[in-house]
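Reviewing the structure listed below.
The values are calculated or read from the model by the stated rules, or taken from the named source; none is laboratory data. Please read these numbers as outputs of a predicted model, since none were measured by experiment. Methodologically, a virtual Cβ is constructed for each residue, glycine included, from the backbone with ideal geometry; neighbour enumeration extends over all protein chains shown. Heads up: the accessible areas ignore ligands, DNA and RNA and are worked out on the full protein's heavy atoms, side chains in. Shrake-Rupley method; radii C 1.70, N 1.55, O 1.52, S 1.80 Å.
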Amino acid sequence: MGAIVAIVGRPNVGKSTFFNRLIQRREAIVDAVSGVTRDRHYGKSDWNGKEFSLIDTGGYVLGSDDIFEQEIDKQVELAIDEADAIIFMVDVETGITGMDEDVANLLRRAKKPVFLAVNKVDNAKRAEDAVEFYALGLGDYYNLSSINGSGTGELLDALVEVLPESQEADDELPRFAVVGRPNAGKSSFINALIGEERYIVTDIAGTTRDSIDTKYNRFGFEFNLVDTAGIRRKAKVKEDLEFYSVMRSVRAIEHCDVCLLLFDATRGFDGQVANIFWLAQRNNKGIVILVNKWDLVEKDTHAVKLYTQKIKQAIEPFTDVPILFISVLTKQRIFKAIETAVEVYNNRSKRISTRKLNDVLLPIIEHTPPPAYKGKYVKIKYITQLPTPYPQFAFFCNLPQYVREPYKRFLENKLRENFDYTGVPVTIFMRKK
């Protein structure tokens, strides 16, 4: 179970640049204009062997400073409530502003670890100027530069020291989380499965505010079903509960075994649904895609095939995922969805003996060896599955650094062909023999 770290602060101090650096992708838009980040961004990062989730709590200007300050206060309060640690970012160029002081006042009252990060410190003069941030009353600060990465190591060393240890609960029931955008039919899906109106269902998006567990026993398999709040892209709803609900949904994804990604067929597999898919994939969760409200779509004999192709194009290269077309209203294929989720769970927890792996894969590798790189030939000698809760494999060879990404994908495809890892992300590591 990963920890959550929130990055807070006023606009244009470099939160998104820092966020992109930690997740090693340009996911959050960065611009010199303040208030560019209007979405809440989520990503995975790790340092010194400890994984954690990052949330970029970008603010946005609605008009007057007063309204804006209220929005920042709400986001900081909600981040304090849910995060395990908070990085408070300030800008050495502008010094301490009234808005910084307001955020600092909130953070001083919090019973959470707070790390004051003074950004844009890229020379000795600015390092001297940073001393004024002691006045915020948050203790020691960390000088860093989001642009070039200097100083981030010291901050991350201190951060991972206070994060809770990651725990995989062995004795708990398997957890299946129903995730997706707001108003896709997640609560209705669970109500239809359990045969009672346990969750409030309305046409208003965002009715479900929290992640709620339901014990479920069918097909001789007992597990927890988790209904989550919808993860939306734009912060159109300015309610206090909004950000909190999204954070709870992210945490539900992190703590589950299989994600049932449910979306509305009439709206299509859009960018936000794809973002939720990749969030589950990055967390190494089993995934089943459920196309809901299929009864409302005009279709012919080729509709399922064409719709499936469209989804697979959006999720390339991880296309080995079950896609089911369901209708919660008519209960069409909803029990098949659970059967499939159980199969994906079994695939995810499957263990393959080292002998079987080598007997099957080594002849394939011998027939199609890794292409030579810089005149060097790679020889893979041995394969084993790592003792992790999800499928990870180590391939031992003489020159692991010369095995390129396309060949790793080839190995992954051969693993999937021979051992059925449908719906489960597979990780391959090349190790020195």
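Here r is the Cβ-Cβ distance between N148 and E77 and R0 is 35 Å; the resulting FRET efficiency, rounded to 0.05, is 0.60. Here r is the Cβ-Cβ distance between Q281 and N398 and R0 is 30 Å; the resulting FRET efficiency, rounded to 0.05, is 0.45. Surface composition of segment 289-356: carbon and sulfur make up 52 percent of the accessible area, probe 1.4 Å.
Which value, in Å² and to the nearest 10, is the accessible area of L163 when all protein chains are kept and the probe is 1.4 Å? Here the residue's solvent-accessible area equals roughly 10 Å².
Packing order of peptides 186-192, 50-56, 405-411, highest average first: 186-192, 50-56, 405-411 (average count of other Cβ atoms within 10 Å over each peptide's residues). Extents of segment 314-416, largest first, come to 61, 30, 22 Å (Cα atoms, principal axes, whole angstrom). For segment 345-386, take the alpha-carbon Rg, divide it by the Kirkwood Rh, and send me Rg/Rh. That ratio equals 1.11.
Just order 179-185, 366-372, 257-263 by mean Cβ neighbour count inside 10 Å, highest at the front, would you? Let's see the in-between values first.
Details: 179-185: 23.1, 366-372: 12.4, 257-263: 26.7.
Highest to lowest by the protection proxy: 257-263, 179-185, 366-372.
Over the C-alpha trace of segment 240-355, radius of gyration and Dmax come out as 15.3, 55 angstrom.
Express in nm, to one decimal, how much length is gained between T301 and T422 on full extension, taking 0.36 nm for each residue of separation and deducting their alpha carbon distance. Don't jump to the answer; show the numbers that get you there.
On the way: separation 121, 0.36 × 121 = 43.56 nm, distance 2.53 nm.
Net length gain for the segment: 41.0 nm.
Once the Cβ-Cβ distance of L362 and E222 is raised to the sixth power relative to R0 = 41 Å, the FRET efficiency obtained is 0.60. Here's how it looks for D91: its modeled amide H is under 5 Å from those of N119, which are all 5 or more places away or on a different chain. Of I4, I323, the residue with the largest accessible area leads and the full order is I323, I4 (1.4 Å probe).
Descending by average beta-carbon neighbour count within 10 Å, the peptides 310-318, 138-146 line up as 138-146, 310-318, the highest first. The distance between label points at N346 and K414 comes to 2.7 nm (points 7 Å beyond Cα on the Cα→Cβ vector).
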